[in-house]
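**Student:** Got a structure for you, questions after.
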Amino acid sequence: MNTYDYIIVGAGAAGTVIASRLTLELNQNKEIPLNILLIEAGNENRTKDMDGNMAAQNPMKLWGDKTLTFNDCVVARSTCQPPRSYPVGKCVGGGSAINGMGAIRGHPEDFKEWQTLTLDEAWNWKNMLNAYKKIECDPLCNNDNHDTKNEIHGNNKNRIPIHRIDVEDWGPVAKAMKIGSEETLGFKFNFDLNSPDSTGVSPFPMNMKKDEKGNLIRVSTNDAYLDPIRNDTTLRNKLTVQPNTLVNRIVFNDDNNRAIGVEVIRKKNNDNNNNNNIGSDDDETTTIILYATNEIILTSGALYSPAILQRSGVGPKDILNKFNIPVIKECNIGKGLQDHPVINGKIILKDFYDVSKRHANALSRFTSNIGGTCFNDLYFVSVEQGNDPRAQQKEEKEDGDNIDDNFPVGYIDVMLMKCNSRGSVEIQSTDPNISPNVNENMLDDELDKARMRYGIRKLVELFRSPAIETIARKSTSSPLSTDENDKANESMIELGRGNDGFGLTLLEVENMSDVELDEWMVQTLSDGIHICSSCKFYFYLYI
Ligand SMILES: Cc1cc2nc3c(=O)[nH]c(=O)nc-3n(C[C@H](O)[C@H](O)[C@H](O)COP(=O)(O)OP(=O)(O)OC[C@H]3O[C@@H](n4cnc5c(N)ncnc54)[C@H](O)[C@@H]3O)c2cc1C
């Protein structure tokens, strides 16, 4: 079958939700037969079918997994950094199958801004709060033990379960970040991060639940939105999910004013739409056009949606001309890309942490108040993580057991929200198998730089707190520094990317001028892996 009512391109976080909602809502009119197609470049991937180790609460193992991510995806974080590997989910569930599971709501002010920008009343906070309540099952909804307003949480058992790890079960870095934030920086503790006026230190709300064995596991959008359709005998035939199918381009009608189909490359034995073919050894592919009578919905993510549009002739003229692609519509598709810049703060720890446990348990949020920017524009994120590959000294425990080749490390990173800097996505070939060129251009904007500087100076203050001193290793071995004069304590903490030669001690950062700090930040910054905003249509494409 080659014609559907709707074709959704990309079964990631957005595509799976839209497919499920369309199927449920359109099925209410049972008179009309319904055929929806959800296309995905990667494999089928449900948490219940994943290896237990992979389904666990520390997703960092998944980020280099070649079966779940785009293998050739590299991104330049700023203008003076070379492109580096960037994990983007390529499977049913997309980013929701591999991401950090932080289930964090937007602020009411953000939606107010959308309301103003779009002149659309629908974005008002009352509507958005109702939407948030409908998509979550948060235990705080029925829990009077915490200081939160129950009416702001939802209890929809069929959707995304929200889980928070209690403070006593946090790792040492999260605990020290909490105490240092409270005692040294004067931040408050607030159990409910998703309460609209909450700020300060909070447990990370996560889209997780306990499985039958009591292990915490991810709930991806594939699990929460597609499984209920698959399990419903009246709905399952209305939605076809087609993995291992790569969309090359959108096909337009002769007048170039309506999208009518998609050109796809898929395995030959997928041609009968039989999902049981997934995983077949027959890798021979075929290129065909699939048609949609109603709509084509593009949900291929912030890097691959603009790439598909550009290959289809929708985008900046210079890019289309470069590849001799006939121009269907000249527009800024691919411009406007955003991410959250991050500066890493690494601590060499006294004690090892079981890295199979949840890696990030807590956030500490604060507001710079610089340039009238948003509430909670800065986050500290604590990460209990593996070991420092540069610290080669073997460490002996008192019992003489050699427990690891490396020192244990943890991180407290600072991350900037609601940035003004904008990057870009550009195809580098007309071959859909090749990922686009991506320049994030982070910290290009002066206000972003000023707010990040504020965040870094606060992070240094936190690192100087007695709470951090209690978890940092005290030693004369100074694994992070080659400077013999460096104080041992000083060298237990490093800001920036040490492996690339940009790692600095607290003292070095404190002695830097704003200009020096700006230059260093752009060279060493990392990212929040939160790409978005690359497909902005200012008006409808066709009027
Ligand atoms: C490592 C990581 C950690 C993150 N942590 C968090 C977090 O803790 N909390 C949070 O809220 N957000 C987090 N995010 C961001 C969040 O996952 C994304 O914002 C979200 O997944 C975006 O949804 P999407 O549907 O736009 O794109 P995606 O989820 O990326 O889905 C796009 C889908 O389209 C498919 N596709 C692409 N090109 C084609 C093509 N040509 N043909 C067919 N299919 C195609 C892809 O394979 C993919 O499945 C994280 C992201 C990553 C990668």
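Values quoted throughout were computed directly from the atomic coordinates according to the rules given, and no laboratory measurement underlies them. Note that the structure is predicted; figures quoted are calculated from it, not measured. Note that each Cβ is placed from the backbone with ideal geometry, even for glycine, and that neighbours are counted across all protein chains shown.
**Student:** Taking the number of other C-beta atoms within 10 Å as the exposure measure, put Thr184, Thr16, Thr245 in order starting with the fewest.
**Tutor:** On the way: Thr184 17, Thr16 30, Thr245 24.
Fewest-to-most ranking of Thr184, Thr16, Thr245: Thr184, Thr245, Thr16.
**Student:** May I ask you to derive the relative contact order of the chain, considering only C-alpha pairs under 8 Å and at least 6 residues apart, and to give it as an integer percent? Can you show the working numbers first?
**Tutor:** Working: 1187 pairs, mean separation 96.3, N = 543.
So the answer I get is 18 percent.
**Student:** Starting from a Cα-only point model with no solvent, please compute log10 I(q)/I(0) by Debye for segment 1-137 at q = 0.13, 0.22 1/Å.
**Tutor:** Debye intensities relative to I(0), on a log10 scale: -0.83, -1.23.
**Student:** Enumerate the calculated ³J(HN,Hα) couplings along segment 303-313 in order (Karplus 6.51 cos²θ - 1.76 cosθ + 1.60, θ = phi - 60°), each rounded to whole Hz, writing x wherever the residue is Gly or Pro.
**Tutor:** With the stated coefficients, segment 303-313 comes to 9, 8, 5, x, 5, 5, 4, 4, 5, 8, x Hz.
**Student:** What whole number of Å gives the distance from the Cα centroid of segment 30-66 to the Cα centroid of segment 97-121?
**Tutor:** Value for the Cα centre distance between the two parts: 24 Å.
**Student:** Something else about it: Over 13 Å, how big is the tail of the calculated P(r) for segment 106-163, in percent of all Cα pairs? Don't skip to the end; give the middle numbers.
**Tutor:** Working: 1022 of 1653 pairs.
Beyond 13 Å sits 62 percent of the P(r) for segment 106-163.
**Student:** Per the helix-only calculation at 222 nm, which mean residue ellipticity applies to the chain, given -39500 (n - 2.57) for every DSSP H run of n ≥ 4 and division by its residues, nearest 500 deg cm²/dmol?
**Tutor:** Working: 11 runs with 109 residues, N = 543.
Result for the chain, helices only: -6000 deg cm²/dmol.
**Student:** If you place +1 on the Cβ of every Lys and Arg and -1 on the Cβ of every Asp and Glu, how big does the dipole about the Cα centre of the chain come out, in debye to the nearest 20?
**Tutor:** Details: 59 positive and 78 negative charges, 279 e Å.
About 1340 debye.
**Student:** Non-local amide H neighbours of Gly261 (under 5 Å, H modeled in plane, Pro and chain starts lacking H): which ones?
**Tutor:** Here the answer is Val251, Ala292, since their amide H atoms fall under 5 Å of that of Gly261.
**Student:** Near Lys213, which lysines are there with a Cα under 25 Å away, not counting those fewer than 8 places off in the same chain?
**Tutor:** Lys48, Lys61, Lys157, Lys357
**Student:** Further, regarding this structure: Given the pairs Lys133/Lys329; Lys90/Lys268; Lys178/Lys210; Lys90/Lys418; Lys90/Lys458, which are separated by over 28 angstrom at their Cα positions?
**Tutor:** Values: Lys133/Lys329 39 Å; Lys90/Lys268 20 Å; Lys178/Lys210 25 Å; Lys90/Lys418 26 Å; Lys90/Lys458 37 Å.
Violating the 28 Å Cα-Cα cut-off are Lys133/Lys329; Lys90/Lys458.
**Student:** Only loop residues by DSSP count here, and only those with at most 11 other Cβ atoms within 10 Å; note down the GluC sites (Glu not before Pro) in segment 165-214 that meet that.
**Tutor:** On the way: sites: Glu168, Glu182, Glu183, Glu212; in loops: Glu212.
Sites meeting the loop and neighbour criteria: Glu212.
**Student:** Once you have the alpha carbon radius of gyration of the chain, what is it after dividing by 2.2 N^0.38 Å, with N set to its residue count? Could the numbers behind the result be given before it?
**Tutor:** On the way: Rg = 24.3 Å, N = 543, 2.2 N^0.38 = 24.1 Å.
Normalised by 2.2 N^0.38 Å, the Cα Rg of the chain equals 1.01.
**Student:** Sticking with this one: For Cys91, which sequence-distant residues (separation of 5 or more, or a different chain) have an amide H within less than 5 Å of its own amide H, given hydrogens modelled in the peptide plane?
**Tutor:** Here the answer is Gly42, since their amide H atoms fall under 5 Å of that of Cys91.
**Student:** Mind listing the phi-derived Karplus ³J(HN,Hα) values for segment 440-456, rounded to whole Hz, using 6.51, -1.76 and 1.60 with θ = phi - 60°, and x for any glycine or proline?
**Tutor:** 6, 6, 6, 6, 7, 7, 5, 5, 4, 4, 4, 6, 5, 4, 4, x, 5
**Student:** Still on this model: Taking θ as phi - 60°, what are the ³J(HN,Hα) couplings along segment 179-191 by the Karplus curve (6.51, -1.76, 1.60), each to the nearest whole Hz, with x for Gly and Pro?
**Tutor:** Once rounded to whole Hz, the list reads 5, x, 5, 6, 7, 9, 9, x, 6, 8, 9, 9, 4.
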